Amino acid sequence: MRKIGLILLLAALIFMAFILSATAQTEKEVKLFLNEEKTHWVKGTVLGQIWVRYTDLNPGSTVFGTAKDQVFDVGPKPILSICV
C-alpha cells in the first residue's frame with residue numbers, strides 16, 4: 001500500500017510539473033485596455049501554489065478519531081494577486 005501511494009504521488013508530481021511548464025509559456029497576465037489605441041491599461045496577475053504532503057505517522061496516531069499509520073493531503077498555499 002505504501003509503495004502504491006508513493007508511486008501515485010510521484011506520478012502526480014511529474015504530471016503537475018509537466019502542466020506547469022506548459023502553462024508557463026502562455027500569457028500569465030490579464031490586461032484591460034482603457035482606450036482604443038491600447039496605450040493605457042490596467043494589468044493583473046495571479047500567482048499561487050499547491051502543496052502535496054504524504055507522511056508516516058507514529059503508531060497509535062488518529063485522524064478525526066480514526067487510527068491511521070500514514071496521511072496524504074493536498075492544500076492551497078499563499079495566493080498572490082497584483083494589479084498594476
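Every number in this text was worked out from the coordinates using simple rules, so none of it is lab data. Remember, predicted model here, so these are calculated numbers, not experimental data. A quick note on method: Cβ atoms are made from the backbone with ideal geometry, for glycine too, and the neighbour counts reach across all protein chains shown.
Tabulated data for the structure shown
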{"item": "Listed peptides 71-77, 41-47 by packing density, highest first (mean Cβ within 10 Å)", "result": "41-47, 71-77"}
{"item": "Cβ-Cβ FRET estimate between ILE4 and THR45, R0 fixed at 41 Å, reported to 0.05", "result": "0.60"}
